[in-house]
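Below is one structure; the comments refer to it alone.
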Amino acid sequence: MDLLLGRQYGRGMSAYTLKTIAIIAMVVDHVAWAFVPTESVLGQIMHAIGRLTAPIMMYFLVEGYHHTKNVKKYALRLGVFALISHFPYNFFRSGRWPVSASGIQLSPTSVIYTLFVALISLICLNNDRLGPIAKASLLFSLCLAAMPGDGGYFLVLCVLAFGAYRGDFKRQASTYAAIVFFTLLFSRGIFAPYQLGMFLVIPLLRQYNGTLGGSKHSKWFFYVFYPLHLLVIGLLKYGV
């Protein structure tokens, strides 16, 4: 009902607007990781802003799954950009390329890989040919497979929650908030005040009006921007 009202009256934000917010928040977050001390007030604020990015990406992964004409091409596109992003992601993290005489270092890797695994999980969730035991086993295995990626199983669980309750934003939001809360509660090693920024995305997503916005080529900008901005920030921090 919320989505229908947004479409009818043209209120709220388009997918393009929300994705643009996610891109800006991501840049703020990554600039902070590169140049601002995490324990500083500025660092905490910038990282809190950055917590908006992943939930928006997860939410629109689900929307993309439901709107795409070819889910196999969608998965292939994510897989290709996960491979491309692996190299600038590791360079951004350490100033080194994940390549050595012994081969390519596969872990850690970027959030695009995690989203790729989350998309496969979503396909699995909606596969009616799978029995409950087989489906649960596959989803558990996919959560484990997501661990080398940025965000790990957390992103997979959130995508599954957004997918399972699509069309009911209150249940999507409450389930997402519960996953965030329990993840932070039982992962004290990753808890920091800025992590609370993950709750700030809920009122933003509430504004989604069901429209795409942008142009038909906009999706390519978001795909290309991710590895490109990591490379640029990495070069600024470490040099050529």
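Determine whether ALA82 is in a helix (DSSP H, G or I) and either touching a Ser or Thr at 6+ places or on another chain (Cβ under 9 Å) or more than 21 Å from ALA118 (Cβ to Cβ) (or both).
Yes; evaluated as a whole, the condition is true for this residue.
Taking interchain pairs and intrachain pairs at least six residues apart, which have beta carbon atoms under 7 angstrom, with the first residue in the stretch 208-221 and closer than 22 Å to LEU76 by Cβ and the second assigned to a loop (DSSP other than H, G, I, E, B) and at pLDDT 80 or above?
Close Cβ pairs satisfying both conditions: LEU212/SER14.
Could you run through the stretch 208-240 and say how many residues are surrounded by 14 or more Cβ atoms within 10 Å (Cβ to Cβ), among the polar types (S, T, N, Q) and not in a helix (DSSP H, G or I)?
2
If you take the residues in the stretch 4-40 that are over 19 Å from the mean Cα position of the chain (by Cα), at pLDDT 95 or above and not aliphatic (A, V, I, L, M), which one is nearest to GLY197 (Cα to Cα)?
It comes out as SER40.
Mind checking which residues of the stretch 213-223 are under 28 Å from TYR89 (Cα atoms) and touching a Phe, Trp or Tyr at 6+ places or on another chain (Cβ under 8 Å)? Talk me through it step by step, then tell me what you get.
Taking the stretch 213-223 first, the residues under 28 Å from TYR89 (Cα atoms) are 214-223.
Once the filter is applied, which keeps residues that are under 28 Å from TYR89 (Cα atoms) and touching a Phe, Trp or Tyr at 6+ places or on another chain (Cβ under 8 Å), the stretch 213-223 yields GLY214, SER218, TYR223.
Is it fair to say SER100 is in contact with a Pro (Cβ under 7 Å, 6 or more places away or on another chain) and of a type in the set (Ser, Thr, Tyr)?
Considered against the rule, which asks whether it is in contact with a Pro (Cβ under 7 Å, 6 or more places away or on another chain) and of a type in the set (Ser, Thr, Tyr), SER100 comes out as no.
Out of curiosity, is ALA75 in contact with a Leu (Cβ under 6 Å, 6 or more places away or on another chain) and either assigned to a helix (DSSP H, G or I) or in contact (Cβ under 8 Å) with a residue 40 or more places away in the chain (or both)?
yes
Any residue in the stretch 156-168 that is touching a residue at least 60 places away in the same chain (Cβ under 8 Å) sitting within a Cβ distance under 6 Å of a residue that is part of a helix (DSSP H, G or I) and among the aromatic types (Phe, Trp, Tyr)? List the pairs, counting only those 6 or more apart or interchain.
Here the result reads CYS158/TYR176; PHE162/TYR59, each pair linking the stretch 156-168 to a residue that is part of a helix (DSSP H, G or I) and among the aromatic types (Phe, Trp, Tyr).
Which residue is surrounded by the most Cβ atoms within 10 Å (Cβ to Cβ), if the candidates are limited to the stretch 47-72 and must be outside any helix (DSSP H, G or I) and in contact (Cβ under 8 Å) with a residue 24 or more places away in the chain? Show your work before the answer.
Residues of the stretch 47-72 outside any helix (DSSP H, G or I): 51-52, 68-70.
Still in the list and also in contact (Cβ under 8 Å) with a residue 24 or more places away in the chain: 51-52.
Values: ARG51: 19, LEU52: 23.
Ranking the candidates gives LEU52 first.
Give me the residue from the stretch 110-131 that is small (Gly, Ala, Ser) and under 15 Å from ARG77 (Cβ atoms) and, out of that set, surrounded by the fewest Cβ atoms within 10 Å (Cβ to Cβ).
Step by step, filter the stretch 110-131, then rank; the result is SER110.
Looking only at the stretch 208-240, which residues are at pLDDT 95 or above and either touching a His at 6+ places or on another chain (Cβ under 9 Å) or of a type in the set (Asp, Glu) (or both)?
Within the stretch 208-240, PRO227, HIS229, LEU230, ILE233 meet the criteria.
For LEU144, indicate whether it is at pLDDT 95 or above, touching a Cys at 6+ places or on another chain (Cβ under 8 Å) and more than 16 Å from ARG51 (Cα to Cα).
Numbers: at pLDDT 95 or above: yes; touching a Cys at 6+ places or on another chain (Cβ under 8 Å): no; more than 16 Å from ARG51 (Cα to Cα): yes.
Judged against the criteria, LEU144 is not a match.
Filter the stretch 173-201 down to the residues that are touching a residue at least 40 places away in the same chain (Cβ under 8 Å), assigned to a helix (DSSP H, G or I) and not hydroxyl-bearing (Ser, Thr, Tyr) and list them by number.
Filtering the stretch 173-201 for residues touching a residue at least 40 places away in the same chain (Cβ under 8 Å) gives 176, 192-198, 200-201.
Checking the rest, the ones that are also assigned to a helix (DSSP H, G or I) come to 176, 193-198, 200-201.
Those that are touching a residue at least 40 places away in the same chain (Cβ under 8 Å), assigned to a helix (DSSP H, G or I) and not hydroxyl-bearing (Ser, Thr, Tyr): PRO193, GLN195, LEU196, GLY197, MET198, LEU200, VAL201.
Taking VAL201 as meeting all but one of (1) modelled with pLDDT of 95 or more; (2) surrounded by fewer than 17 Cβ atoms within 10 Å (Cβ to Cβ), write down the number of the exception.
Of (1) modelled with pLDDT of 95 or more; (2) surrounded by fewer than 17 Cβ atoms within 10 Å (Cβ to Cβ), only one is false for VAL201: (2).
The values are calculated or read from the model by the stated rules, or taken from the named source; none is laboratory data. Just so you know, these numbers come straight off a predicted model, no measurement behind them. Note: ideal-geometry Cβ built from the backbone for every residue, glycine included; neighbour counts use all protein chains shown.
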